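The values are calculated or read from the model by the stated rules, or taken from the named source; none is laboratory data. Nothing here was measured: the structure is a model prediction, and the numbers come from that model. Heads up, the Cβs are rebuilt from the backbone with ideal geometry, glycines too, and the neighbour counts pull from every protein chain shown. With ligands, DNA and RNA removed, areas are computed over all heavy atoms of the protein, side chains included. Shrake-Rupley method; radii C 1.70, N 1.55, O 1.52, S 1.80 Å.
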Amino acid sequence: AFDEMSAKLERDYQVLTEAREGAEQANDSKSRFLASMSHEIRTPMNGVLGILNILEETKLTDEQKKLVNTATESGHFLLSVINDILDFTRMESNTLILEDKPFDFRHCVESVVDSFSPTASNQNLILHCYIEGTVPSKVSGDKNRVKQILLNLIGNAIKFTHEGSVTIKVRSEAVTQNKAKIVCQIQDTGIGISKSAIEYLFDEFTMVDQTYSRSKEGSGLGLAICRRLC
């Protein structure tokens, strides 16, 4: 009886092992497919946006300008979704490499905030940015990924704020002589997030308010990517 039980356990273990290996292979194949397709789609999409940019410089009627603007906005949105998927698949396969180069952190934050000024102005929103004096200017890291995190968080704040303000606060805590912990805080007077949604806020392919989000499309990957980058 003991031998039979041991044999059964061994067979069950083998079945579970094969199932796990099969699931891992399927997941790897999915990641490779998504990464490959993201690359393939992004190349022609850049070509389409380039042509639209050239077309925008020609003589167009008001109706034609409106159509070109809509096509350009849709193209940029599609490109942002593709980039999200590409980043996500790189993270899933541990092939995303962060740079470690010197850059001006204060200028990095200010340039991102400045890029949102026209949007905030169009929505009659007040955009504040406070960078404490203790925040170092010269740091070493991946400037583009820092920008990506800030663009996502500030973009979300503006997207879901209909009136009032969006405030960006940056402070620094010294860790050692050559290291600092920099904390960026974004506050807004928007619709807010329910406490019940906090636990899955940073999950992949998740949007907190599915109904509202239909008019505020996205990949549902932005915050998940930000969390992993941090």
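Those residues that are modelled with pLDDT of 75 or more and open to solvent by 60 Å² or more (accessible area, probe 1.4 Å), I need them from region 20-33; list them, please.
Scanning region 20-33 gives Arg20, Glu21.
Matching residues to (1) out of contact with any helix residue (DSSP H, G or I) (no Cβ under 6 Å at 6 or more places or on another chain); (2) free of Cβ contacts under 8 Å to residues at least 24 places away in the same chain; (3) of a type in the set (Ser, Thr, Tyr):
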position: Ser140; (1), (2), (3): yes, no, yes
position: Phe160; (1), (2), (3): yes, no, no
position: Glu163; (1), (2), (3): yes, no, no
position: Thr167; (1), (2), (3): yes, no, yes
position: Ile182; (1), (2), (3): yes, no, no
position: Gln185; (1), (2), (3): yes, yes, no
position: Glu199; (1), (2), (3): yes, yes, no
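Under the condition of being open to solvent by 50 Å² or more (accessible area, probe 1.4 Å) and among the aliphatic types (A, V, I, L, M), which residue from region 183-199 is modelled with the lowest pLDDT?
Per the criteria, the residue is Ile198.
Which members of region 81-105 meet the condition of being surrounded by fewer than 16 Cβ atoms within 10 Å (Cβ to Cβ) and either modelled with pLDDT of 80 or more or within 16 Å of Lys147 (Cα to Cα) (or both)?
Passing the criteria: Ile97, Leu98, Glu99, Asp100, Lys101, Pro102, Asp104.
Quick check, is Ile126 aliphatic (A, V, I, L, M) and open to solvent by 50 Å² or more (accessible area, probe 1.4 Å)?
yes
Could you please find all residues in region 43-93 being in a helix (DSSP H, G or I), over 30 Å from Cys230 (Cα atoms) and aliphatic (A, V, I, L, M)?
Val48, Leu49, Ile51, Leu52, Ile54, Leu55, Leu67, Val68, Ala71
Within region 200-227, can you find the residues that are surrounded by 15 or more Cβ atoms within 10 Å (Cβ to Cβ) and at pLDDT 80 or above?
Of everything in region 200-227, those that are surrounded by 15 or more Cβ atoms within 10 Å (Cβ to Cβ) and at pLDDT 80 or above turn out to be Leu223, Ala224, Ile225, Cys226.
Quickly run through region 129-159 and pick out the residues that are open to solvent by less than 50 Å² (accessible area, probe 1.4 Å) and under 19 Å from Ile191 (Cα atoms).
Hits for region 129-159 are Asn152, Ile154, Gly155, Asn156, Ala157, Ile158.
Applying the selection to region 64-81, what residues are of a type in the set (A, V, I, L, M) and closer than 25 Å to Leu221 by Cα?
Ala71, Leu78, Leu79, Val81
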